[in-house]
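S.K.: First the structure, then my questions, so here it is.
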Amino acid sequence: MTEPTWQTPDGAAQLYLGDCLEVMPGLGKVDAVVTDPPYGIGHARNRKSQASGWVDYDCPGWDIERPKKEIFDLIISQSSTQIIWGANYFTDFLSPSMQWLVWDKGQRSFSLADCEFAWSSQNKASRIFNYSRALALMDNKVHPTQKPIALMCWCLSFIPKAETILDPYCGSGSTGCACMQLGRRFIGIEIEPKYFAIAKDRIMTAWEDAQNDLFKDQQQEILEQGRMF
């Protein structure tokens, strides 16, 4: 078993600084993977993205290439259930699925996408989560493609029996924060030291808040919302 680079005092969250293709084989099987891989659409080379402030100039190469098919095969073989954001960029790597999850950003004809898609391995109905881009920007955004914690909590509501969640592209740690709020175990892998440090701080804060039961009402509300849509 690979030793984590960092973990919360109780081990509820464990983070690994490294390449997920190298780290994952040492982790064994998990209940679910919930992740948002880089799409390989080249934000760093796009003038519009630069003008809009999407580019992280400290880490300009994070989105140059898509993950290899080998990584998707590993994700599927090492987990019982998968939810993968940006999967419309990876349809050649993934099998047809009944369930797609949609994040409706409450905007139309904006320079960014009106919505985003996640592929789910479950044979269940597709669902839509309405959460405005304005709210998402208020979620202490520190990564160009950071997902709102509320969105990741919504995702977890579809896999209530999954106790241990893996995110091999941890980024700024939104999936880990959601896991701490909902009482799940979390394993995150991040290759970029800058984002690893950010994820560690955000997840630690979420863990501390959870110890004080600050999210008890919010947890129930999110779970109810996930069942409603």
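The values are calculated or read from the model by the stated rules, or taken from the named source; none is laboratory data. Note that this is a predicted model, so its numbers are computed, not measured. Counting neighbours? That spans all protein chains shown, and the Cβs are built from the backbone with ideal geometry, glycine included.
S.K.: Can you find, within segment 97-135, the residue that is nearest to I83 (Cα to Cα) among those that are surrounded by fewer than 18 Cβ atoms within 10 Å (Cβ to Cβ) and basic (K, R)?
M.R.: K124
S.K.: Just for segment 144-189: of the residues that are modelled with pLDDT of 95 or more and basic (K, R), which one is surrounded by the fewest Cβ atoms within 10 Å (Cβ to Cβ)?
M.R.: K161
S.K.: A further question follows. Are there any pairs, at least 6 apart or on different chains, whose C-beta atoms fall under 9 Å, with the first in segment 30-43 and surrounded by fewer than 19 Cβ atoms within 10 Å (Cβ to Cβ) and modelled with pLDDT under 95 and the second part of a loop (DSSP other than H, G, I, E, B) and aliphatic (A, V, I, L, M), and if so, which?
M.R.: What qualifies is G40/I64; G42/I64.
S.K.: Let me ask you something else. State whether the residues of segment 185-194 include one that is among the small types (G, A, S) and out of contact with any Asp or Glu (no Cβ under 7 Å at 6 or more places or on another chain).
M.R.: Within segment 185-194, not a single residue is among the small types (G, A, S) and out of contact with any Asp or Glu (no Cβ under 7 Å at 6 or more places or on another chain).
S.K.: Kindly establish whether P9 is modelled with pLDDT of 65 or more, more than 19 Å from the chain's Cα centre (by Cα), surrounded by fewer than 19 Cβ atoms within 10 Å (Cβ to Cβ) and not in a loop (DSSP other than H, G, I, E, B).
M.R.: No; evaluated as a whole, the condition is false for this residue.
S.K.: Would segment 206-213 turn up any residue that is modelled with pLDDT of 90 or more, closer than 30 Å to P67 by Cα and in a helix (DSSP H, G or I)?
M.R.: yes
S.K.: Checking I189 against (1) over 24 Å from D213 (Cβ atoms); (2) out of contact with any Phe, Trp or Tyr (no Cβ under 7 Å at 6 or more places or on another chain); (3) among the hydrophobic types (A, V, I, L, M, F, W, C), which test does it fail?
M.R.: Exception for I189: condition (2).
S.K.: Quick one: is E22 part of a helix (DSSP H, G or I), modelled with pLDDT of 95 or more and loosely packed, with under 12 Cβ neighbours inside 10 Å?
M.R.: So E22 does not fit the description; no.
S.K.: Can we say T175 is in contact (Cβ under 8 Å) with a residue 40 or more places away in the chain, in contact with an Asp or Glu (Cβ under 9 Å, 6 or more places away or on another chain), β-branched (V, I, T) and not in a helix (DSSP H, G or I)?
M.R.: Judged against the criteria, T175 is not a match.
S.K.: A further question follows. Filter segment 72-96 down to residues that are under 17 Å from I187 (Cβ atoms) and out of contact with any strand residue (DSSP E or B) (no Cβ under 9 Å at 6 or more places or on another chain) and give me whichever is surrounded by the most Cβ atoms within 10 Å (Cβ to Cβ).
M.R.: The extreme case among them is L74.
S.K.: Residue by residue through segment 82-132, note down the ones that are in contact with a helix residue (DSSP H, G or I) (Cβ under 9 Å, 6 or more places away or on another chain) and at positive phi.
M.R.: Correct list: G106 only.
S.K.: Picking from W85, W62, which residue would you name as being within 17 Å of the chain's Cα centre (by Cα) and at pLDDT below 80?
M.R.: Only one candidate passes the filter, namely W62.
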